[in-house]
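Below: the structure, in structure tokens.
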Amino acid sequence: MSPADNTSRRHFLRASALATAGLLGSGVLFPGERLLAATTLAGDPGDPEVPNEEVARILRGLFGDRPIRRGHIQLDMPAAAEDGRVVPVIIESDLPMTPERHVKAVHLIVDFNPDAHLAAFHLTPAVGTVSLSTRIKMKRSTWVRAIAETNTGEVWADYARVQVLLNGCG
Amino acid sequence: MSALGEARIRVPERIIRGELIVVNAIISHPMDTGFFRTAEGQPIPAYFIKNVVVRYGDQEVARFEWTSGVSRDPVISFTLRADSEAPLSMVWTDNKGDVFEQSANIAFVSA
């Protein structure tokens, strides 16, 4: 797919998601859910849409109405994972780790996994920097979200789209 | 890795006071999701590490909450500011309440 196609497809997806949100806005969702959907859809260009109520509920529970901005955290994952049972994850951040200002938690959310809020890493300034790596299971191709929350209430995210060839969740 | 709960923590051999070190840890655990069945069709219940507490000296420096979405024999690496000579301990707790512990000593090379 050419970059131009990709852009127009993205615009199309965004437009249809907005249309869907608009339709749902006619009373099917609770006001808070409508607000969250609107906030997230109005996020940085290229951010993945919230795909289902489960992920919306997780994000709302963790971050409330705070904006989830892209930046200051880096999520590295393979673009294609042969085996969904073992998918490497590396999370790093350039945010300070001082008592005054630090990352207090990093949340890993895998949109279409059975348990989408896969892990939470609670940190203190003693770790010096945010540099985490582990291996996770993925059921199918989806977006993965790494979202950092600072002690001052900022929320920073990065996203990785991972294509999964072998279902790792059964 | 073989026996359930067998864990290792790896830290650098030579550490200088104040250095930022990388800590690598692995524990043997099946991390069963509860979605699979045996060849005989019996469901395999969920069985996974749900909580990991990292202490350096007497301070809790990190705590991880996991689900069965973390791969079998979970590995985790993170950094630590090595500013005192003290044990680094990790406690893994699974959803059946079994507790596994391991520690590594943070000691500095003499200048």
Only one of B:T79, B:T33, B:T67 that is within 23 Å of A:T134 (Cβ to Cβ), among the hydroxyl-bearing types (S, T, Y) and in contact with a His (Cβ under 8 Å, 6 or more places away or on another chain): B:T67
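Hey, among the residues in segment B:62-111 that are hydrophobic (A, V, I, L, M, F, W, C) and out of contact with any Phe, Trp or Tyr (no Cβ under 9 Å at 6 or more places or on another chain), which one's farthest from A:M97 (Cα to Cα)?
First, pick out the residues of segment B:62-111 that are hydrophobic (A, V, I, L, M, F, W, C): B:62, B:64, B:66, B:70, B:75-76, B:78, B:80, B:82, B:86, B:88, B:90-92, B:99-100, B:104, B:106-109, B:111.
Of the ones still in play, those that are also out of contact with any Phe, Trp or Tyr (no Cβ under 9 Å at 6 or more places or on another chain) are B:75, B:104, B:107-109, B:111.
On the way: B:V75: 23, B:A104: 23, B:A107: 23, B:F108: 23, B:V109: 25, B:A111: 27 Å.
Among residues in segment B:62-111 that are hydrophobic (A, V, I, L, M, F, W, C) and out of contact with any Phe, Trp or Tyr (no Cβ under 9 Å at 6 or more places or on another chain), the one farthest from A:M97 (Cα to Cα) is B:A111.
Table: residues versus (1) part of a strand (DSSP E or B); (2) loosely packed, with under 13 Cβ neighbours inside 10 Å; (3) within 14 Å of chain A (Cβ to nearest Cβ).
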site: B:A62; (1), (2), (3): yes, no, yes
site: B:E65; (1), (2), (3): yes, no, yes
site: B:S68; (1), (2), (3): no, no, yes
site: B:R72; (1), (2), (3): no, no, yes
site: B:T79; (1), (2), (3): yes, no, yes
site: B:K96; (1), (2), (3): no, yes, no
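Those residues that are outside any strand (DSSP E or B), within 21 Å of the chain's Cα centre (by Cα) and on the phi < 0 side of the Ramachandran plot, I need them from segment B:7-36; list them, please. Reasoning before the result, please.
Residues of segment B:7-36 that are outside any strand (DSSP E or B), as a first pass: B:11-14, B:16-18, B:28-31, B:33-36.
Then keep just the ones that are within 21 Å of the chain's Cα centre (by Cα); that gives B:11-13, B:28-31, B:33.
Selection gives B:V11, B:P12, B:E13, B:S28, B:H29, B:P30, B:T33.
Given the residues A:P125, A:P96, which is the only one that is surrounded by fewer than 16 Cβ atoms within 10 Å (Cβ to Cβ) and touching a strand residue (DSSP E or B) at 6+ places or on another chain (Cβ under 9 Å)?
Details: A:P125 fails: surrounded by fewer than 16 Cβ atoms within 10 Å (Cβ to Cβ).
After ruling out the rest, the residue left standing is A:P96.
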Test: residue in segment A:98-113 that is among the polar types (S, T, N, Q), under 27 Å from B:L88 (Cβ atoms), in contact with a Leu (Cβ under 9 Å, 6 or more places away or on another chain) and assigned by TED's automatic domain parsing to the domain that holds A:I73: no
Failed criterion for B:Q102 (all others in (1) in contact with a strand residue (DSSP E or B) (Cβ under 7 Å, 6 or more places away or on another chain); (2) farther than 17 Å from A:S133 by Cβ; (3) open to solvent by 20 Å² or more (accessible area, probe 1.4 Å); (4) part of a loop (DSSP other than H, G, I, E, B) hold): (4)
Residue check, A:L132 surrounded by 21 or more Cβ atoms within 10 Å (Cβ to Cβ) and without any contact (Cβ under 8 Å) to a residue 24 or more places away in the chain: no
Selected residue [within 14 Å of another protein chain (Cβ to nearest Cβ), in a strand (DSSP E or B) and free of Cβ contacts under 8 Å to residues at least 24 places away in the same chain] from A:A119, A:A105: A:A119
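The values are calculated or read from the model by the stated rules, or taken from the named source; none is laboratory data. Everything numeric here is computed off the predicted structure, so don't read it as measured data. Using ideal geometry, Cβ is built from the backbone for each residue, glycine included, and neighbour counts are taken over all protein chains shown. Just so you know, the surface numbers come from the protein's heavy atoms only, side chains and all, with ligands and any DNA or RNA stripped out. Shrake-Rupley method; radii C 1.70, N 1.55, O 1.52, S 1.80 Å.
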